[in-house]
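Contents: one structure, followed by commentary.
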Amino acid sequence: MSDPAAPSEARAAARERARELRDQHRKQDRRRRLIVTGSIVLGTLLILAVVAAVLVTLSRPTARGPLNMVSDGIRIGAHLKADQTVALQPGAKPEVSKKNPAQVLDVQVYVDYLSDQSGSFIRKDGAQLRAFVDSGAATVEFHPIAVLTGKSAGTQYSIRAANAAACVAEFSPDRFFDFNQAMFARQPKIDAPGLTDAQIVARAQSAKVTNLADIRSCVKDGRFRTWVQSATARALSGPIANSSVASVTQPPLILVNGKQFAYAPNLSAADFTAFMQQATGDEFRKNPTPTPTPTPSATPAS
């Protein structure tokens, strides 16, 4: 005779087994979800780490800067002779140029070789600036930057021109003033192709640079392009040393003893001369010691 309780016990055992299987499946699903979620998170973190490493590598200069531009600029003094400095090493911060003797004006000029206003300033006021610097009444520190690289019909003229300026600073620093002026003569227009590398070298030759073969090779190789990019980023982010100016917003930035000369194309060469002479007077009132002051000269029409 069969036990009447057996079917009930069998059903209870089946239900318990089913419950155990459901619990087991839930635990397995939970483990799978945790594994998948963990894999996604780990993969995302790995991707972010790789991206961060690439960005850090890209932002870190991989090559030194040019000789004679450890401040991100080349400083030129009496008789248009450049200060001799070491090169800025990868990852190093630019050094602030030493302070001038009393009553020797400190002029800083940030230029982009495609900037029409940079060119207008050099063509209009370059002769007056030369007179002050050549006589020893001032030093000028040129900072070539490349903020208009995308404005030359794909030729990247701004960065190539600034690289060429760095090449001249390294191999023929005492001819830099004339090279800078030559680069702004018959200046290329924005949104048109800039000068070719060969044409840039020809401008250097017209400025009577020395070591022309080295400069030609340096221009061709784009040797200081990385430095140009870093120097431009520093100028745009600021601060600008020895001034109250936060950063370069649009070239040219022209500073005389830390005070900005607000250049505009409608200003005359006499306006810049007056600004320089006012700075001379301000300095004289603070340090009454004789200093050479050049006689303003006529500036040929640009």
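All told, LYS124 falls short of being surrounded by fewer than 18 Cβ atoms within 10 Å (Cβ to Cβ), in contact (Cβ under 8 Å) with a residue 40 or more places away in the chain and among the charged types (D, E, K, R). Considering only residues in the stretch 93-105 that are buried (at least 16 other Cβ atoms within 10 Å of the Cβ) and touching a helix residue (DSSP H, G or I) at 6+ places or on another chain (Cβ under 9 Å), the one that is nearest to GLU141 (Cα to Cα) turns out to be LEU105.
Does the stretch 241-250 include one or more residues that are outside any loop (DSSP other than H, G, I, E, B) and surrounded by 13 or more Cβ atoms within 10 Å (Cβ to Cβ)?
No, every residue in the stretch 241-250 fails to be outside any loop (DSSP other than H, G, I, E, B) and surrounded by 13 or more Cβ atoms within 10 Å (Cβ to Cβ).
Just checking, does the stretch 77-97 include any residue being more than 16 Å from the chain's Cα centre (by Cα), in the same structural domain as ALA279 (by TED's automatic domain parsing), modelled with pLDDT under 95 and over 23 Å from PRO239 (Cβ atoms)? Within the stretch 77-97, none of the residues are more than 16 Å from the chain's Cα centre (by Cα), in the same structural domain as ALA279 (by TED's automatic domain parsing), modelled with pLDDT under 95 and over 23 Å from PRO239 (Cβ atoms). Of the residues making up the stretch 181-194, not a single one is under 18 Å from LEU67 (Cα atoms), crowded, with 18+ Cβ neighbours inside 10 Å, out of contact with any His (no Cβ under 6 Å at 6 or more places or on another chain) and free of Cβ contacts under 8 Å to residues at least 60 places away in the same chain.
Condition (residue is in contact with a Pro (Cβ under 9 Å, 6 or more places away or on another chain), surrounded by 12 or more Cβ atoms within 10 Å (Cβ to Cβ) and at pLDDT below 95) applied to the stretch 48-61: is it met by at least one residue?
Looking for residues that are in contact with a Pro (Cβ under 9 Å, 6 or more places away or on another chain), surrounded by 12 or more Cβ atoms within 10 Å (Cβ to Cβ) and at pLDDT below 95, one finds at least one in the stretch 48-61, hence yes.
The values are calculated or read from the model by the stated rules, or taken from the named source; none is laboratory data. Just so we're clear, the structure is a prediction, and the values are computed from it rather than from any experiment. Cβ coordinates were reconstructed from backbone atoms using ideal geometry, including for glycine residues, and neighbour counts include every protein chain displayed.
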